[in-house]
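Asker: Let me begin by handing over the structure; questions about it come next.
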Amino acid sequence: MPTPSGPRDTDAALDVLFLPFEAGVLAWPRAGGALFLRARDGWPVHARARDGLVCEQTFKPAFDGLQRSGLDVRGTEVEGRFPLVLVLPPRQRDEARALFARAVMQAGPDGIVVACMPNDEGAKTGQADLARIAGPVSVQSKQHCRVFWTGASHDPDAELLAQWRALDAPRPVVDGRFISRPGVFAWDRVDPATTLLAHHLPADLAGEGADLGAGTGVLAMEVLARCAGVRSLDLYEAESRALDLARTNLAAHAHVGFHWHDVTQGLPRAYDFIVSNPPFHGQGRGDRPDLGRRFIAAAADALRPRGRLYLVANRHLPYEAVLDARFPQVRTLAQSGGFKIVEATRA
């Protein structure tokens, strides 16, 4: 799917997901529709009529892409039974198992679950997990991906379904310091880049601020704990599963805003300071420095005069050109553990 912020990520998994339908091995349901979990837009979704298709997507750029294509897309959990459930499972195994369990539950004993994963992202494991929970599966392979699906009638393991359905439930982590869940970024720890950035935040940050790519709110918690002059802080996060956790983690703080938003599309208002640990991977595993550059551009456009950006990034990522082009004052505050901390100030 083309992302709003840069070149197209290849999406072989989406292509191969629909292979059994294009080959005539599976038929699209005549009634009852289909549920597409972790849905993404692309030509296979539109290659034929997909009557009754309901897409679910919690990642805002992908949600926006589906919506722009006129598909029925929901940003919250869709309920009900469907004769067909399509799944593009995530990499994190507990999250994927929970999603498989949900797919089997919503397909019911006579529905079909179809999933696809790249071979180098756990396709063989995903196939085994679906078979373990729902019985024998059929398989096809193409483009270094594997699509696998359940039979039209199966007898799932009810006890295992319940266990797996709860695998990605929110829970206290890091000695109870905050709530997280499998599948969100650095879900069971404070990642070292965020730790380094928090350590180098100046205590004089004040006024109205924003955290771009806020995740579960860990960096925002540090800002509020260290900087007494902060009047308000807006969190922008593209993954609503993470943003919901941030709401919980920052529930005790007043004047905090939560925005399910694609930062690469710009910000809706101006700020005195911005902090960010921007993403640098898209759908695939390769570096996507264009994402970080768009975060920097969005920050530059949103900062008030003399406003400051504090950014952490992997040292090898080429952000200097856009920083120098958009900010008259740029300095590196620290380099450690493969990361760099940059302060950039508006004129």
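The values are calculated or read from the model by the stated rules, or taken from the named source; none is laboratory data. Just so you know, these numbers come straight off a predicted model, no measurement behind them. Cβ coordinates were reconstructed from backbone atoms using ideal geometry, including for glycine residues, and neighbour counts include every protein chain displayed. Protein only, heavy atoms only, side chains kept; ligands, DNA and RNA dropped before computing areas. Shrake-Rupley method; radii C 1.70, N 1.55, O 1.52, S 1.80 Å.
Asker: Hey, if you drop one equal point scatterer on each alpha-carbon of region 1-123 and run the Debye formula without solvent, what base-10 log of I(q)/I(0) do you get at q = 0.11, 0.19, 0.21, 0.22 Å⁻¹?
Answerer: Results for region 1-123 at q = 0.11, 0.19, 0.21, 0.22 Å⁻¹ read -0.34, -1.12, -1.40, -1.54.
Asker: Within the P(r) computed for the chain, what percentage of the Cα pairs occupies the region above 24 Å?
Answerer: So the portion of pairs separated by more than 24 Å is 58 percent.
Asker: Output the relative contact order of region 233-343, whole-number percent, from Cα pairs under 8 angstrom with separation of 6+ residues.
Answerer: Relative contact order of region 233-343: 22 percent.
Asker: Another question, if that's okay. What whole-number value in cubic angstrom gives the convex hull volume per residue for the C-alpha atoms of region 136-201?
Answerer: 144
Asker: What residue among Pro20, Leu86, Ala98 has its Cα farthest toward the positive end of the dipole of region 16-145, where the charges are +1 on Lys, Arg and -1 on Asp, Glu, each on the Cβ?
Answerer: Pro20
Asker: Please state the charge dipole magnitude for region 189-272, taken about the Cα centre, from unit charges on C-beta atoms (+1 on K and R, -1 on D and E), reported in debye and rounded to the nearest 20. Can you show the working numbers first?
Answerer: Numbers: 6 positive and 11 negative charges, 35 e Å.
With only Lys, Arg, Asp and Glu charged at Cβ, the dipole is about 160 debye.
Asker: Helix-only mean residue ellipticity at 222 nm, the chain, DSSP H runs n ≥ 4 weighted -39,500 (n - 2.57), per residue, nearest 500. What is it? Display every interim value, and only then the final one.
Answerer: Values: 12 runs with 106 residues, N = 347.
Using -39500 (n - 2.57) per qualifying helix, the result is -8500 deg cm²/dmol.
Asker: Which of the listed residues, Ala203, Thr216, Thr345, is farthest toward the dipole's positive end in the chain, when Lys, Arg count +1 and Asp, Glu count -1 at the beta-carbon?
Answerer: Thr345
Asker: With r as the distance between the Cβ atoms of Ala47 and Asp110 and R0 = 30 Å, compute the FRET efficiency 1/(1 + (r/R0)^6) and round to 0.05.
Answerer: Efficiency for this residue pair is about 0.70.
Asker: What whole-number value in Å² describes the accessible area per residue of region 190-324 for a 1.4 Å probe?
Answerer: About 39 Å² of surface per residue is accessible.
Asker: Counting Lys and Arg as +1 and Asp and Glu as -1, what is the net charge of the other residues whose Cβ lies under 9 Å from the Cβ of Asp211?
Answerer: Spelling it out: positives minus negatives among the neighbours equals -2.
Asker: Then there's this: Accessible area of the chain with a 1.4 Å probe: how many percent of it is carbon plus sulfur?
Answerer: Working: 7560 of 15080 Å².
Ligands and nucleic acids excluded, carbon and sulfur reach 50 percent.
Asker: Okay, moving on. Sort region 230-347 into rounded, prolate or oblate with this rule: let a ≥ b ≥ c be the square roots of the eigenvalues of the Cα gyration tensor; rounded if a/c is under 1.5, and if a/c is not under 1.5, prolate when a/b is larger than b/c, oblate otherwise.
Answerer: oblate
Asker: Can I ask one more? For region 198-281, what is the largest minus smallest coordinate of the Cα atoms on each principal axis, given in angstrom and ordered from greatest to least?
Answerer: Principal extents (largest minus smallest coordinate, Cα): 30, 25, 23 Å.
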